[in-house]
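Here's the structure we're looking at; comments come further down.
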Amino acid sequence: MTVTDTATETVVVARDLRKIFGDNVVLDGLDLQIRAGEFVALLGRSGSGKSTFLRALGALDGDVEGILQVPERRAIVFQDPRLLPWQRVLTNVTVGLPATSAVRRQALDALTEVDLADKAKVWPRTLSGGEAQRVALARALVREPELLLLDEPFGALDALTRIRMHGLLQDLCRRHTPAVLLVTHDVDEAILLADRVVVLTAGAISLDLEVEVPIPRRRESAEFATLRRRLLTELGVIDDPQI
């Protein structure tokens, strides 16, 4: 895989990405572009290659063929917050960064943005699931990413916490304006959050749609329901898009 940085308006360019694991073709000529500040949601059945693609964007999987252009500054938030239990919250936010007063201030600012400044000195085990995921978001934000990669970050949260996290993520994206790729199994989540929704089928893009649902987006709106049916049909959940 050829990886280069890009400073153009298009911050991610994936061209003819391929990965084969044994007899399984995980990525099969995947092509995708993401513009600066754009929020893209990636849907697909289990095993369609979603997380493999995200890991390639995050430089966590170099065994991928093709051309990939990504910004140098990028951060990843996983479904598991992956906090270090032997380090306090503030140290978890700054892990891997220089131990300077400037970085500490930036970390405290990031915790303030996710409404956890009062938790800076506590241990991760004292946090709720939603709080731990907010710390993971703060850890990503302190790196000032041009590309934010989200691998089902809200999948393990209860419904009410997930709704609150959706609102927080939207606020953070408006303030920091990174390009975002969200991997999710939740069609409603994709429509609520994204500018574009992309469906990955057998390692290649089978559908790429702008989300033309009026803001604020409401599940009961006709536009939301129409797009939801289209996506569920593409994913093979329903046979008739008129259902």
Worksheet, complete the sentence: Ignoring ligands and nucleic acids, PHE39 exposes an accessible area, probe 1.4 Å, in Å² to the nearest 10, of 20 Å²
Worksheet item: Normalised by the number of residues in the chain, what is the relative contact order in percent for Cα pairs under 8 Å and 6+ residues apart?
Response: 26 percent
Worksheet item: For the stretch 13-86 and the stretch 166-243, what is the separation of their Cα centres, given in Å?
Response: 18 Å
Item to complete: Quantify how much of the Cα-Cα distance distribution of the stretch 94-200 extends past 21 Å, in percent.
Response: 36 percent
Worksheet item: Any idea what the alpha-carbon Rg over 2.2 N^0.38 Å comes to for the stretch 168-243?
Response: 1.14
Worksheet item: For LYS19, what charge total do you get from the other residues with a beta carbon under 9 Å from its beta carbon, if Lys and Arg give +1 and Asp and Glu give -1?
Response: -3
Discussion item. Based on the alpha carbons, how large is the Rg to Rh ratio for the stretch 50-93 when Rh follows Kirkwood?
Written reply: 1.08
Fill in: Approximate shape of the stretch 76-151 as ellipsoid semi-axes (Cα gyration tensor, √5λ), whole Å, largest first
16, 15, 11
Discussion item. For q values of 0.16 Å⁻¹, compute log₁₀ I(q)/I(0) with the Debye formula on a Cα-only model of the stretch 127-190, without solvent.
Written reply: -0.50
Practice prompt. Quick one: pull the percent of accessible area on the chain belonging to carbon and sulfur, 1.4 Å probe, ligands and nucleic acids left out.
Written response: 50 percent
Worksheet entry | All lysines inside 28 Å of LYS50 as judged from Cα atoms, apart from same-chain residues fewer than 8 positions distant | LYS19
Worksheet entry | Accessible heavy-atom area order of LEU111, LEU209, highest first, probe of 1.4 Å | LEU209, LEU111
Fill in: Relative counts (whole %) of C-alpha pair distances in the chain, using bins that are 5 Å wide
1, 6, 13, 17, 18, 16, 13, 9, 4, 1, 0, 0
Worksheet item: Under a 1.4 angstrom probe, counting protein chains only, how are ARG35, ARG196 ranked by accessible area, largest first?
Response: ARG35, ARG196
Practice prompt. May I ask you to rank ARG134, ARG164, ARG219 by accessible area, largest first, using a 1.4 Å probe over the protein chains only?
Written response: ARG164, ARG219, ARG134
Fill in: Of every Cα-Cα pair in the stretch 1-134, the percent that sits beyond 19 Å
60 percent
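The values are calculated or read from the model by the stated rules, or taken from the named source; none is laboratory data. A quick note: this is a predicted structure, and the numbers were derived from the prediction, not measured. Glycine gets a Cβ as well: all are built from the backbone with ideal geometry, and neighbour counts include every protein chain shown. Just the protein is used for accessible areas: all its heavy atoms, side chains included, with ligands, DNA and RNA removed. Shrake-Rupley method; radii C 1.70, N 1.55, O 1.52, S 1.80 Å.
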